[in-house]
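Engineer: Pasting a structure here, questions to come.
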Amino acid sequence: MQQTQTNLEQQWEVVCNKIRENSKDTILNRWLEQMSPESIDNGLLQLSVPTRFMQEWMKEKEYDSLISSIWTSENPAIQDICLKIQSHKAPVLDKEEEAPLTMSESPAAQPSSEDLFANVYLDPHFTFENFVVGKPNEFAYAAAKRVAESEDVAFNPLYLHSSVGLGKTHLMHSIAWHIQKTNPNRKVLYLSAEKFMYQFVKALRFDDTVAFRDMFRSVDVLMIDDVQFICGKKATQEEFFHTFNALVDQGKQIILCSDSSPLELKGIEDRLKTRMAQGLVVDIFPTTYEMRIGILESKAALLNAPVPADVIAFLAERITSNVRELEGALKRVIANAQLLGTEITLDSTRQILRDILNVYEKEITVEDIQKAVADHFTLKMSDLKSTRRDRKIARPRQMAMYLAKILTTKSLPDIGSAFDRDHTTIIHAVRTIEELIKTDKNVAEDVCLLEKMLKGA
Ligand code: ADP
Ligand code: MG
């Protein structure tokens, strides 16, 4: 039977109605309108779909088989269908509906590009007001404020980098909050590099980088966090490079954060690295003791918890790695006190944080001690293990044994064997030095100095 185009269209109409009756999938139902029968050849019906994404999705959900079987029951001459991508883009296609700008693999759950904005989570505590400024971060703070407060693009991109937990995300959110409060018309988009890349790779896959660029065109300030996670094939980076330039050309402020400087980024093409470094690159350095005190006080106030000064000082002194850890420790101490209904004390703090404090405690080995003592007294390491008894050597050797006892967790026999002695010699040395510390100023000073040095203070 000759199938005219009109015939096919009428049949398609009937098939669509049947599908609508049977399927609650609203995505499918809407997409049916964008599909149309093209031709039939040897029982194989060509059905056109506007995008490759739609084609893949239909196949994945086996909607092609569904259509095929319904159609066959309507018209036995149709044995199978084949989904074909329309050679031209359907003008009716709603951009929002297209795959490239969305996050989820399943179109049924796909948020539109609008959702990309809606889904952004900004931590309400990450504001400029809550950011403690000190020498190590004052430049980053000033640059972030500058971007937040003025509309002209002075440097592009602003690139903040530091090791983990030093406030990069906090500053980015602060910029977003500030703009939202003072200039709500300015559109800010904050997203992680992973999310950004995901969108981007999808756009590439569905050949829709134009839509991708369009989406970002509506943004005034684009922030991409943890840029070190940008990775991918050469072609991807190539396109990213162009998108990046296009945005800069359009006067969009771009802010990037990363764990390393642009030029140190791994797996990223040189050209892109250079581009990223062309704006203002600012690093945030580790906190100082004073800043840590300030941060702890500020966080304790935010948590509405009375934390004694000695506990604050103790935490600031002991947890120096980064602010996230510091904050985590403070929260644990506060939570514990609140749970048990007890006061926060130095003792309870030590107890609660035992596990992490041990990590921060620099592990000192007997060998470290021997080396430090030998250096201090300009001796050889072998002298400390020798049997020579002259005071010049014997005294430092005893100090080393004493320090090994108080600074390591090694047992007396272990320490003994490190000095080729037995444990009684160690006991004797420890007693001798303990006595001398009380009576001999020089010994006390030497021991104190060595101890400080070994603890890295
Ligand atoms: P990064 O993004 O650099 O890894 P974050 O911005 O997530 O670090 O910071 C980790 C935690 O430390 C956050 O809770 C943040 O509020 C806090 N923080 C870091 N620096 C400061 C600071 N200068 N003042 C107050 N809080 C800070
Ligand atoms: Mg971060």
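Engineer: What size of dipole, in debye to the nearest 20, comes out for the stretch 129-287 about its Cα centre when the only charges are +1 on Lys and Arg C-beta atoms and -1 on Asp and Glu C-beta atoms?
Structural biologist: It comes to approximately 120 debye.
Engineer: If you build the convex hull over the alpha carbons only and average its shadow over all orientations, what do you get for the stretch 360-448? Give it in nm² to one decimal.
Structural biologist: Mean shadow area of the hull around the Cα atoms is 5.5 nm².
Engineer: Label points 7 Å out from Cα along the Cβ direction at Lys380 and Asn29: separation in nm?
Structural biologist: Simple spin-label model gives 9.1 nm for this pair.
Engineer: Using r as the Cβ-Cβ distance of Asn183 and Glu367, and R0 as 56 Å, what FRET efficiency do you calculate, to the nearest 0.05?
Structural biologist: Plugging the Cβ-Cβ distance into 1/(1 + (r/R0)^6) gives 0.40.
Engineer: Okay, moving on. Just to verify a number: FRET efficiency for Ser321 and Asp207, C-beta to C-beta distance, R0 = 51 Å, to 0.05?
Structural biologist: 0.65
Engineer: May I ask you to list the residues of the stretch 167-207 whose amide nitrogen lies under 14 Å from a point 7 Å from Cα along the Cα→beta-carbon direction of Val133?
Structural biologist: 171, 175
Engineer: Extension gain Gln250-Tyr289, at 0.36 nm per residue separation less the Cα-Cα distance, in nm?
Structural biologist: 9.8 nm
Engineer: While we're on this one: Can you give me the distance in nm between label points at Glu264 and Glu297, each placed 7 Å from the Cα along the Cα-to-Cβ direction?
Structural biologist: 3.2 nm
Engineer: Could I ask something else about it? Want the number for Arg389 to Cys448: 0.36 nm per residue separation, take away the alpha-carbon distance, what's left?
Structural biologist: Contour length minus the Cα-Cα distance gives 18.9 nm.
Engineer: I would also like to ask the following. Report, as a whole number in µm² per second, the diffusion coefficient that Stokes-Einstein gives for the chain at 25 °C and 0.890 mPa s using the Kirkwood radius over alpha carbon pairs.
Structural biologist: 87 µm²/s
Engineer: Still on this structure: Counting pairs of alpha carbon atoms under 8 Å apart in space and at least six apart in sequence, what relative contact order in percent does the chain give?
Structural biologist: Relative contact order of the chain: 11 percent.
Engineer: Something else now. Expected output is a single nm value to one decimal: the length gained when fully extending between Gln79 and Asn304, i.e. 0.36 nm times separation in residues minus the C-alpha distance. What is it?
Structural biologist: 73.8 nm
Engineer: What distance in nm separates the simple spin-label points at Thr345 and Leu44, each placed 7 Å from Cα in the Cβ direction?
Structural biologist: Using points 7 Å along Cα→Cβ, the separation is 8.4 nm.
Engineer: If you count, for each residue, the other Cβ atoms within 10 Å and average over each peptide, how do 330-336, 256-262 line up from highest to lowest?
Structural biologist: In descending order of packing, they fall as 256-262, 330-336.
Engineer: Which order do His125, His242 fall in if you start with the one that has the fewest other Cβ atoms within 10 Å?
Structural biologist: Going from least to most buried by this count: His242, His125.
Engineer: Further, regarding this structure: Taking every eigenvalue of the Cα gyration tensor of the stretch 264-350, multiplying by 5 and rooting it, what semi-axes result, largest first, whole Å?
Structural biologist: In descending order, the three semi-axes are 38, 13, 11 Å.
Engineer: Starting from one equal scatterer on each C-alpha and no solvent at all, send me the Debye-based log10 I(q)/I(0) for the stretch 169-284 at q = 0.10 Å⁻¹, two decimals.
Structural biologist: Each listed q corresponds, in turn, to -0.28.
Read-outs throughout are calculated quantities, based only on the coordinates presented, and are distinct from any laboratory measurement. Keep in mind that this is a model prediction, so the values were computed, not measured. No Cβ is skipped: glycine too gets one built from the backbone with ideal geometry, and neighbour counts run over all protein chains shown.
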